[in-house]
């Protein structure tokens, strides 16, 4: 406890300076992440008090939390390097993930097309046929996570429910830039009212959730906060039309929370015309854009995470100030899919979120290569087929669970050393994921065949262990298969020897500038696995590869003297401390 108190006293003034100078509540597009901030989620078994002790001991401050998903928003001292701190935190065994609070931009193309009086996209997705069953139920609320919405617009004023301004922490959800109003009109503008435009789900309601600043930028933490707020206040669908967000663990945690509350999250694929290699995200429907010829729009991103496609050019919609405009971009493909999801929920309110996602994929018009592909996903969304499959026209929902077995090792086998656990899984539609647990502890999830997992049995106790493989399909149906094996390894003697470490450079009294390197000699009877550099008691950098050189970016440091010390870790958790070196900036 005395260490934590010492660190607190040492870094309080740095926290104050950080809060005053960095304005860490606001996205900064110039540097692509929120300065002075890192997002961290501790593993579920870490108690909250223990987590806060770890944060304090590393010289940071737990400035805010999103408690529903266990996300900590940390403010760092002025001298800390955000990227290095995030990497160091991510390597800690107590931490599930740590990442920068990256800045995102509103994903919109500048409209440059002439007025297109017919709303071609509604006919292309067979919306009129879907409307014969439902045009949307007012109990189905669609959250628009964007720049706000012009709630006074003639085609939107009757559609609004109370929302929230996450960016400014108040109830003012007026549109700060116009993007949110165009997105809202695409999904649920009032229709059949002799004015303006028609929309996909015009019987549903709109919940404005502002996450974007006046310049069109947001951040992972704002998106995650917006999703959890919308989930807690009754939204069944949430649309996020901004830069691709599938890489963020924080946003994924919030999307999982939204889905667990019965909701579907849609997001734009992006407008850079590039292939995005990020893997599929089971909690977010990522949407690419098609044109009037039903082919991929030239600007649309593609990638492994694309689930569906939808029209994204010449989309007529509502505009800030009461007018209308023609727009283009995956920003408008995503809300079209959000609208169809809302129609499906309206047609059959008993469907789960995963069933809705499965219906959208199964009912899509397959474009491009047969089956799923990285350009169109499962195909271009089809509203009429989706509503019919939901039960509005006699369709059925996939209720068949996958078949799953553990093919290796065999049940009853004796195993030792590092082994491969091979799982076989099949499904009538398709396997979405296979997970493995050993004695109730998750060993990971694989989303594509072959379904194999590595297990280092040397870390397990000798004796009986239960392996359970679970296969899940896109509709959320799952099945499990279990075996019992015997682990038999020769027990090595416990490692109780701490590493030795010496800072070899810089020397005492050295003057540093720029991005300075700190060199060490680190040795251990088994092996050093990580070296951490602390400046004035604050973790600033780490290295996991020999020769364990670390960096200190002195640009943010105050002029004067600073204390350097390194910590070396071995695999057994033993820690060795270097000498303290005094340097000057």
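Just so it is clear, none of the values below were taken in a lab; they were calculated from the coordinates. The structure presented is a predicted model; accordingly, all values stated were derived computationally and were not measured. Reconstructed Cβ throughout: ideal geometry from the backbone, glycine too, with neighbour counts over all protein chains shown.
Taking other C-beta atoms within 10 angstrom as a stand-in for reagent exposure, 535, 55, 157 fall in the order 157, 55, 535, fewest first. With respect to the chain, whose longest principal axis is taken over its alpha-carbon atoms, helix 179-188 is tilted by about 50°. The DSSP beta bridges internal to segment 500-584 are antiparallel in roughly 95% of cases.
Counting every other Cβ atom within 10 Å of each residue's Cβ, 85, 275, 97 order from fewest to most as 275, 97, 85. For the peptides 448-459, 330-341, 253-264, residues were scored by their other Cβ atoms within 10 Å and the scores averaged per peptide; the highest-first order is 330-341, 253-264, 448-459. The relative contact order of the chain comes to 11 percent, based on Cα pairs under 8 Å that sit 6 or more residues apart. Annotation: for a label point projected 7 angstrom from Cα along Cα→Cβ of residue 129, residues of segment 348-377 with backbone N closer than 12 Å are 364-365. Protection proxy ranking, highest mean first, for peptides 196-203, 509-516, 184-191, 549-556: 184-191, 196-203, 549-556, 509-516, where packing is the per-residue count of other beta-carbon atoms within 10 Å, averaged.
Volume of the convex hull of the chain (Cα atoms only), normalised per residue: 157 Å³. Between residue 261 and residue 352, the modelled labels are 1.9 nm apart [label points 7 Å from Cα along Cα→Cβ]. Taking label positions 7 Å along the Cα-Cβ direction at both residue 571 and residue 233, the computed distance is 5.1 nm, reported to one decimal. Its Cα gyration tensor gives segment 120-392 an equivalent ellipsoid. The semi-axes, each the square root of 5 times an eigenvalue, are 23, 21, 18 Å from largest down.
Note on segment 324-403: Cα convex hull, mean projected area over all directions, 6.8 nm². A helix-only calculation puts the chain at -6000 deg cm²/dmol for mean residue ellipticity at 222 nm, using -39500 (n - 2.57) for each DSSP H run of at least four residues, averaged over all residues. Within the chain, antiparallel bridges make up roughly 75 percent of the DSSP beta bridges whose residues both belong there. Computed from Cα atoms, the angle from the helix 220-232 axis to the main principal axis of the chain rounds to 60 degrees.
To the nearest ten degrees, helix 48-57 and the longest principal axis of the Cα atoms of the chain are 60 degrees apart.
Take every DSSP beta bridge with both residues inside segment 192-349 and express the antiparallel ones as a percent of the total, to the nearest 5. Percentage antiparallel, nearest 5: 25.
Here segment 33-107 and segment 475-548 have alpha carbon centers that stand 19 Å from each other. Shape class of segment 500-584 from the Cα gyration tensor (axes a ≥ b ≥ c, square roots of the eigenvalues): prolate, since a/c reaches 1.5 or more and a/b is larger than b/c. With a cut-off of 8 Å between alpha carbons and a minimum separation of six or more residues, what is the relative contact order of segment 120-191 in percent? Reported relative contact order: 35 percent. Working ranking of peptides 140-150, 39-49 by packing, defined as the average number of other Cβ atoms within 10 Å per residue, highest first, is 140-150, 39-49.
In a fully extended conformation the segment linking residue 403 and residue 452 would gain 16.0 nm over its present Cα-Cα distance, using 0.36 nm per residue. Taking other C-beta atoms within 10 angstrom as a stand-in for reagent exposure, 119, 94 fall in the order 94, 119, fewest first. Cα convex hull, segment 331-486: 130 Å³ per residue, rounded to a whole number. Distance between the C-alpha centres of segment 401-446 and segment 236-295: 28 Å, rounded to the whole angstrom. Every pair of different Cα atoms in segment 403-487 enters the Kirkwood calculation, which places the hydrodynamic radius at 12.9 Å. Computed over segment 338-443, relative contact order equals 20 percent, with contacts defined as Cα pairs under 8 Å that lie 6+ residues apart.
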